[in-house]
Amino acid sequence: MSLLVVGLSHRSAPVSVLERASLSADARTKLLHDTLAAEPAAEGAVLATCNRIELYADVDKFHAGVAELSTLLAQHSGVGLEELTPYLYVHYEDRAVHHLFSVACGLDSMVVGEGQILGQIKDALALGQDLHTAGRLLNDLFQQALRVGKRAHSETGIDRAGQSLVTFGLEQLADGTPVDDWARGKRALVIGAGSMSSLAAATLARAGVTEIVIANRTAARAERLAEILTEPGSTGVTARAVEMVAVGDELTRADVVVSCTGATGLVLTGEAVDTALQGRDTPLHLLDLAMPRDIDAAAHRMPGVRLVDIESLAEASADAPMAADVDQVRTIVADEVAAFGAAQRAAHITPTVVALRAMAADVVAGEVARLEGRLPGLDDKQRAEITQTVRRVVDKLLHAPTVRVKQLASEPGGAGYADALRTLFDLDPETVASVSRADLNDGDVKNRGRV
């Protein structure tokens, strides 16, 4: 089996295509179920953010895997395969590992170095674990990606190169003015109560807005976020939760609006924005971080409105400078990819080695039993000494080749050593497979918890 990723992102597709191809929570679940039902795939995980959709799978056939995963992405995203195909990228084996590790470090983000992607990778793994679509390979891959991302942020200055999409968006709204100066004294409306909206609310609170109104379809989540913002010892901002039906009224009073929901349609129509502008003598600042968009793009053309959305953020980020630390992160990624590949290749031969040692143990047991039949007068001490001697001889004979074969298997192209070992010792393929299945089940149980 081999790792394959098929996806599209802000680097390969225009925002208009990404917007249409976005996946709801239900669509992600159905996509994963259909991926495992597909013939080439044994495992699956989907990483879907505001600027990328990627389907990871463990496949037994490359070309069939690419065709199947591309078709599944088209079916569940609602964008026709013929239209979607020019924007898809494909990574295989080590290149797929390199890609995910780079994503985890923020090297492939719209805002280089941003750390929110780690939470999104964690969510992708958790969904795969919940649905039992992430097996040994994808559990190992995604957990290692999280460790690599954390290492990059702790050992380098990549954080200086990047920032959250929220911070970058607010900087674009401020248009050259320091965000703290620009936000001070403003009223803010935050639509949505997920991770991105919560980050936006916290960032605005720290920047000095006087009031934050939280609107969300689930009232309890909006109320909880408002409570967190007003906890003793926090920013001291005034915060309250409202129903989604109150958004229109709150829009007339807000100076800055941040929207990031999972809605499939517009949350703020052009008509709603236009209505909020009536009789207004101050500008209205809108930040749309949703994919697909929450705010009607028509707001771009309205006098008195400044709208920053994913599309304009993508254009602005193209001119953002890269930090010198990026090179150091790339080195970390390269080293980690090599280590991950070596570990996976070494793990591939483990069931064969276990099966070989099991066969040797059976041979020892059989020979000792035969000896007891020929020498019935052996006492317990003699029998134990003979058994231990035979075991030591077998262990010494197997030690050097099994250690060496594990070393060789960890090198590129080392997968063939497992086949050679099975052939040389005439190991039963089903015995090796049973060891692999038992090992996988044990590992799967260990990985059931949240990472």
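The values are calculated or read from the model by the stated rules, or taken from the named source; none is laboratory data. Keep in mind that this is a model prediction, so the values were computed, not measured. We place every Cβ from the backbone using ideal geometry, glycine too, and count neighbours over all the protein chains shown. Ligands, DNA and RNA are stripped out before the accessible areas are found, and what is left, the full protein with its side chains, is counted by its heavy atoms. Shrake-Rupley method; radii C 1.70, N 1.55, O 1.52, S 1.80 Å.
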Of residues in segment 1-21 being under 17 Å from the mean Cα position of the chain (by Cα) and crowded, with 22+ Cβ neighbours inside 10 Å, the one modelled with the lowest pLDDT: 10
Residue 142 aromatic (Phe, Trp, Tyr), open to solvent by less than 50 Å² (accessible area, probe 1.4 Å), out of contact with any Cys (no Cβ under 6 Å at 6 or more places or on another chain) and closer than 28 Å to residue 240 by Cβ: no
Could you grab me the full set of residues in segment 251-281 that are under 21 Å from residue 206 (Cβ atoms) and surrounded by 20 or more Cβ atoms within 10 Å (Cβ to Cβ)? 254, 256, 257, 258, 259, 260
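Tell me yes or no: at least one residue of segment 181-191 is more than 30 Å from residue 248 (Cα to Cα), out of contact with any helix residue (DSSP H, G or I) (no Cβ under 8 Å at 6 or more places or on another chain) and in contact (Cβ under 8 Å) with a residue 24 or more places away in the chain.
no
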Can you go through 368, 354, 393, 364 and tell me which one is surrounded by fewer than 12 Cβ atoms within 10 Å (Cβ to Cβ) and either on the phi < 0 side of the Ramachandran plot or of a type in the set (S, T, N, Q) (or both)? 393
Quickly run through segment 22-49 and pick out the residues that are buried (at least 22 other Cβ atoms within 10 Å of the Cβ) and β-branched (Val, Ile, Thr). 35, 46, 49
Return the total of residues in segment 67-121 being without any contact (Cβ under 8 Å) to a residue 60 or more places away in the chain, closer than 22 Å to residue 147 by Cβ and of a type in the set (Asp, Glu). 1
From (1) in a helix (DSSP H, G or I); (2) touching a Pro at 6+ places or on another chain (Cβ under 7 Å), pick out the condition that doesn't hold for residue 334. (2)
What do you reckon, is residue 125 in a helix (DSSP H, G or I), closer than 22 Å to residue 329 by Cβ and modelled with pLDDT under 95? no
Count of residues meeting criterion [open to solvent by less than 40 Å² (accessible area, probe 1.4 Å) and either touching a strand residue (DSSP E or B) at 6+ places or on another chain (Cβ under 7 Å) or outside any loop (DSSP other than H, G, I, E, B) (or both)] in segment 299-320: 11
Test residue 197 against the criterion of being out of contact with any helix residue (DSSP H, G or I) (no Cβ under 6 Å at 6 or more places or on another chain), among the small types (Gly, Ala, Ser) and open to solvent by 10 Å² or more (accessible area, probe 1.4 Å), and give yes or no. no
Name, by its number, the condition in (1) open to solvent by less than 10 Å² (accessible area, probe 1.4 Å); (2) under 33 Å from the mean Cα position of the chain (by Cα); (3) modelled with pLDDT of 95 or more that does not hold for residue 284. (2)
Residue 169: passes all of (1) within 23 Å of residue 49 (Cβ to Cβ); (2) open to solvent by 10 Å² or more (accessible area, probe 1.4 Å); (3) not aromatic (Phe, Trp, Tyr) but (2)
Out of 224, 187, sole residue that is open to solvent by 10 Å² or more (accessible area, probe 1.4 Å) and modelled with pLDDT of 95 or more: 187
Just one of the numbered conditions (1) open to solvent by 70 Å² or more (accessible area, probe 1.4 Å); (2) closer than 24 Å to residue 306 by Cβ is not true of residue 242; which one? (1)
So which residues in segment 1-44 are in a helix (DSSP H, G or I) and β-branched (Val, Ile, Thr), if there are any at all? 15, 17, 29, 35
May I ask you to list pairs of residues, at least six apart or on different chains, whose Cβ atoms are under 6 Å apart, with the first in segment 231-251 being over 25 Å from residue 268 (Cα atoms) and free of Cβ contacts under 8 Å to residues at least 60 places away in the same chain and the second being part of a helix (DSSP H, G or I) and open to solvent by 70 Å² or more (accessible area, probe 1.4 Å)? 235/206
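For (1) within 23 Å of residue 241 (Cα to Cα); (2) part of a loop (DSSP other than H, G, I, E, B); (3) over 19 Å from the mean Cα position of the chain (by Cα); (4) of a type in the set (Asp, Glu), each residue gets a yes or a no:
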position: 152; (1), (2), (3), (4): no, no, no, no
position: 168; (1), (2), (3), (4): no, no, yes, no
position: 173; (1), (2), (3), (4): no, no, yes, no
position: 181; (1), (2), (3), (4): no, no, yes, yes
position: 185; (1), (2), (3), (4): yes, yes, yes, no
position: 190; (1), (2), (3), (4): yes, no, yes, no
position: 200; (1), (2), (3), (4): yes, no, yes, no
position: 213; (1), (2), (3), (4): yes, no, yes, no
position: 220; (1), (2), (3), (4): yes, no, yes, no
